[in-house]
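Read the structure below first, then the notes.
Every read-out reported here was derived from the displayed coordinates using simple, explicitly stated rules and does not represent laboratory data. Note that the structure is predicted; figures quoted are calculated from it, not measured. We place every Cβ from the backbone using ideal geometry, glycine too, and count neighbours over all the protein chains shown.
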Amino acid sequence: MLAAILSLGCIGMIAAVALGFAAKKFAVEVDPRELAAMEVLPGANCGACGFPGCAGYAKALVAGTIDVNQCPPGGADVVAKLARILGVEAAAASPEFAVVLCQGDNRKAQLKYNYLGLEDCTAAQRIADGPKVCPGGCLGLGSCQRACPFDAIEMTAAGLAVINREKCTGCRKCVAVCPRQVIRMAPAEATVHVLCNSHDKGAVVRKYCQVGCIACQLCKKAAPDAYKIENMLATVVYEHHSEAAVAIAKCPTRCIRDFAEGYPDGSALLPADADKPHAA
Amino acid sequence: MKLKTFAGGIHPPDNKQWSSHKAIEDCPLPTEFVVPLAQHIGAPSVACVEIGQYVAKGQVIGTAKGFVSVPVHAPTSGEVVAIEYRPHSWGPSLPAIVIKPDGEDLWSTDLQPSDPDNLSTDDMIEKVRLAGVVGMGGAAFPAHVKMSPPPEKQVRTLIINGVECEPYLTADYRMMLEEPERILQGVGLLQTVFGAERVVIGIEANKPDAIALFEKHCAKTAFEVVSLHVKYPQGAEKQLIAAVTGKQVPSGGLPMDIGAAVHNVSTAAAVTDAIVHGRPLIERICTVTGPAIREPKNLRIRIGTLLSHLVEVCGGLAEEPGKIILGGPMMGFTQLEFNVPATKGTSGLLLLRMQDVDPRPEGPCIRCARCVQVCPIKLLPTTIAAYARRNLSAEAAEYCAMDCIECGSCSYVCPAAIPLVQAIRYGKAAILAKKRKSP
């Protein structure tokens, strides 16, 4: 019994000494700035910076091969902190949010067939170009929600993806995974968007969706600089986003929405200033 | 006596009683033929006629593009009224040649019958190619390509596939009962082309009359008729070879790698037409069946016939279909509408009712391993599917996703209703896409 305690104790001591020695001799020199950078980065490992995780970005920052403003989820706050750590000047990249350019949920848009299969938008798209008649609309199977590292995407009960502007960090993972390219990036301050992604002629769109853009040009007439109509689809010219709101009331299919006033029908999300009174 | 078979497989109810006793009927010609240029594996044909042009039955209307491609021919005499994108059974709309029949149904005068004894092997293969013959089991692989293995891969065993393991389908069965001579002449021609020492005709034991008939016809020949244990997918190429020869086609390999080749009985008949009569492939037998059709039939149809016409010929729908399938219920293609044409590979049109469709949403995998037990290729379907749906294509490839024959046995037995074949197909597409990007 005593022999056992002593012998194990000795083995333990030898191991401790060996490890202590190894810790000193084989220590990896890490630039303290790298550790500091990793402290301030969000730690979501989303890859928006183009590097494998926050550790990868920190390494590249210290190596001097990348700018400090490449982390959209970090925002201006992190840019400033990284600039201090690395001793550089930095201008923040302008923040962007992702937006799903569609309002055609199951109540408003026609289905081609009843889809029974993998709950994945890319898988569904491979079957006769997706269950929706509209070739550009949101399929509502949630691949974007699953891809979002920040839990910023809501799938409404009627099958539409809606991105929460409070939580979106602009990492673009949803944009990459959507098979219909219906999610686009827009400057954070732009709150008005045309929520349609179909380039079909107006008469055709009317048949398969109640809230699709029919390219009637009334928005452009109301706010000529704020809208452009290309290939039978209107889009907001984001440089002139502040002029776009006047056209919302003119749109006959109500496909233009100001997210400052509210999220699409069926969404449980509330706009940022929901508790402030605003004009009716 | 223990019948030959392969490992794995399932026993779905064969549902052949709807149509197995119905002799082949000629389908009356429709008023419009929509002949797609893409009907086979390989490059689609290229249109070689113009709008307004008169075409005779059997005249070339689309030429082959490259080696793995075949020409396509007019199914009847008439006028080319359009060459445009039309709905296609594969999903998207694809280019097709639209022909309005003139009612005469006159064969082209360019057809050249031959005496096979006067033809070289290369001549015979060329005649098969010019006739647009593709595998009639459903895969529609250009037959002349299969008949041209590289010289170092000598085919010693030619297997003729009379198995028809898909439930509901009885097209090959009726062909065997009604046209055995036409099939056997083709078998002989195929044997000559391949130079095969051994010829085996494989028929599943649920067709005893066909087996007896072929045994009788083959009595004076060296062809062997082998009765096979009834199990799905016995008619799949690799499983048929395993059952008949006891040998396995290696992973990623082809039957010719182990000296074997498989051809469907209807393909053999088409080979006879091509070589002996100089007739191109413009018609085939199609089983229209299922609980939602009024009169199930085995129809001799021309390519380009719209499914709506087939439904009409079979007395119309008994009720609103829950699912429309081209082919069999295991590996057929679900259709969204009847406005698509039948092609060279359309072995069946299956109309199922709403109650025949399983609407269960998928549940989590419970590791019961039923999918592993039934997989005829001895893969791990649940593992491959799991990797595939997480976009881990390298891992999916390691588990041999590319060897999956998509037979559907795994999806059929899964108690959690996981769409395994869909997930594996998704994975295979991702693997191929990666290969194309960085070969």
Problem - All aspartates and glutamates inside 16 Å of residue A:207 as judged from Cα atoms, apart from same-chain residues fewer than 8 positions distant - result: A:105
Practice task
Give the long-range amide H neighbours of residue A:256: residues separated by 5 or more places, or on another chain, with amide H under 5 Å away, using H modelled in the peptide plane at 1.01 Å from N.
Solution key: A:195
Handout entry: Label-point separation, residue B:181 to residue B:102 (7 Å along Cα→Cβ), nm
Key = 3.3 nm
Exercise for the section: Please list, in chain and number order, the residues 5+ apart from residue B:228 or on another chain whose amide H is under 5 Å from its amide H, with Hs placed from the backbone. Expected result: B:203, B:204, B:205
Completion exercise
Listed residues A:261, A:230, A:96; largest mean-square fluctuation, Gaussian network over chain A with Cα springs below 10 Å, found at A:230
Handout entry: Distance between the stretch B:414-439 and the stretch B:269-314 - C-alpha centres, whole angstrom
Key = 32 Å
Exercise for the section: For the stretch B:157-166, take each phi angle, set θ = phi - 60°, evaluate the Karplus expression 6.51 cos²θ - 1.76 cosθ + 1.60, and give the result in whole Hz per residue in order, putting x for glycine and proline. Expected result: 10, 9, 10, 9, 8, x, 7, 6, 7, 4
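If I take R0 = 45 Å and measure r between the Cβ atoms of residue A:199 and residue B:300 in this structure, what FRET efficiency does the formula 1/(1 + (r/R0)^6) give, to the nearest 0.05?
0.55
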Practice task
Putting +1 on Lys and Arg Cβ atoms and -1 on Asp and Glu Cβ atoms, find which of A:147, A:100, A:234 reaches farthest to the positive end of the dipole of the stretch A:96-258.
Solution key: A:234
Completion exercise
Any trypsin sites (Lys or Arg not before Pro) in the stretch B:129-168 that lie in a DSSP loop and have at most 16 other Cβ atoms within 10 Å would be B:153, B:156
Handout entry: Student exercise, the protein assembly as shown dipole from Lys, Arg, Asp, Glu Cβ charges, in Debye to nearest 20
Key = 1180 debye
Handout entry: Spacing of the two label points (7 Å from each Cα toward its C-beta) at residue A:250 and residue B:215, in nm
Key = 8.5 nm
Completion exercise
The FRET efficiency for residue B:139 and residue A:166, from their Cβ-Cβ distance with R0 = 51 Å and rounded to 0.05, is 0.45
Exercise for the section: Could you line up B:29, B:189, A:8, B:420 from fewest to most neighbouring Cβ atoms inside 10 Å? Expected result: A:8, B:29, B:189, B:420
Exercise for the section: Could you calculate the contour length gain from residue B:68 to residue B:222, that is, 0.36 nm times the residue separation minus the distance between their Cα atoms, to one decimal place in nm? Expected result: 52.3 nm
Fill in the blank from the handout: The set of residues whose placed amide H lies less than 5 Å from the amide H of residue B:53, leaving out same-chain residues fewer than 5 positions away, is B:80
Exercise for the section: About the Cα centre of the stretch B:370-437, how large is the charge dipole given +1 on each Lys and Arg Cβ and -1 on each Asp and Glu Cβ? Please answer in debye to the nearest 20. Expected result: 280 debye
Exercise for the section: Within the stretch B:386-403, which residues have the backbone N less than 14 Å from the label spot 7 Å out from residue B:378 along Cα→beta-carbon, could you tell me? Expected result: B:400
Fill in the blank from the handout: Given Cβ charges of +1 for Lys and Arg and -1 for Asp and Glu, the option among B:301, B:325, B:314 whose Cα lies farthest towards the positive end of the dipole of the stretch B:276-337 is B:301
Handout entry: Estimated inter-spin distance, residue A:218 and residue B:93, nm [label 7 Å along Cα→Cβ]
Key = 2.9 nm
Exercise for the section: Kindly identify the protein assembly as shown as rounded, prolate or oblate by the Cα gyration tensor criterion: order the square roots of the eigenvalues as a ≥ b ≥ c, call it rounded if a/c is under 1.5, otherwise compare a/b with b/c, prolate if a/b is larger, else oblate. Expected result: oblate
Problem - About the Cα centre, charge dipole magnitude for the stretch A:96-258 (Lys/Arg +1, Asp/Glu -1 at Cβ), debye - result: 540 debye
Handout entry: the stretch B:347-402-the stretch B:91-139 distance, computed between alpha-carbon centres (Å)
Key = 37 Å
Completion exercise
In whole Hz, the Karplus estimates of ³J(HN,Hα) for the stretch A:256-262 (6.51, -1.76, 1.60; θ = phi - 60°; x where Gly or Pro) are 9, 9, 9, 5, 5, 8, x
Exercise for the section: Could you calculate the FRET efficiency of residue B:41 with residue A:151 from 1/(1 + (r/R0)^6), where r is the beta carbon distance between them and R0 is 51 Å, rounded to 0.05? Expected result: 0.70
Handout entry: Phi to ³J(HN,Hα) by Karplus 6.51 cos²θ - 1.76 cosθ + 1.60 over the stretch B:147-154, Hz, x for Gly, Pro
Key = 7, 10, x, x, x, 7, 10, 6
Problem - Of the GluC sites (Glu not before Pro) in the stretch A:150-211, those whose Cβ has at most 14 other Cβ within 10 Å and which sit in DSSP loop - result: A:166, A:189
Completion exercise
Only helices counted: for chain B, with every DSSP H run of 4 or more residues adding -39500 (n - 2.57) and the sum spread over all residues, [θ] at 222 nm is -7500 deg cm²/dmol
Fill in the blank from the handout: The answer for the net charge of residues other than residue B:119 whose Cβ lies under 12 angstrom from its Cβ, with Lys and Arg +1 and Asp and Glu -1, is -4
Completion exercise
Among B:135, B:176, B:250, the residue whose Cα sits farthest towards the positive end of the charge dipole of chain B (+1 at Cβ of Lys and Arg, -1 at Cβ of Asp and Glu, taken about the Cα centre) is B:250
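I want the local charge near residue B:91. Using Cβ-Cβ distances under 14 Å, sum +1 for each Lys or Arg and -1 for each Asp or Glu among the other residues.
+2
If you take the Cα atoms of the stretch A:32-86, find Rg, then find the Kirkwood Rh from the mean of 1/r over all pairs, what is Rg/Rh?
0.89
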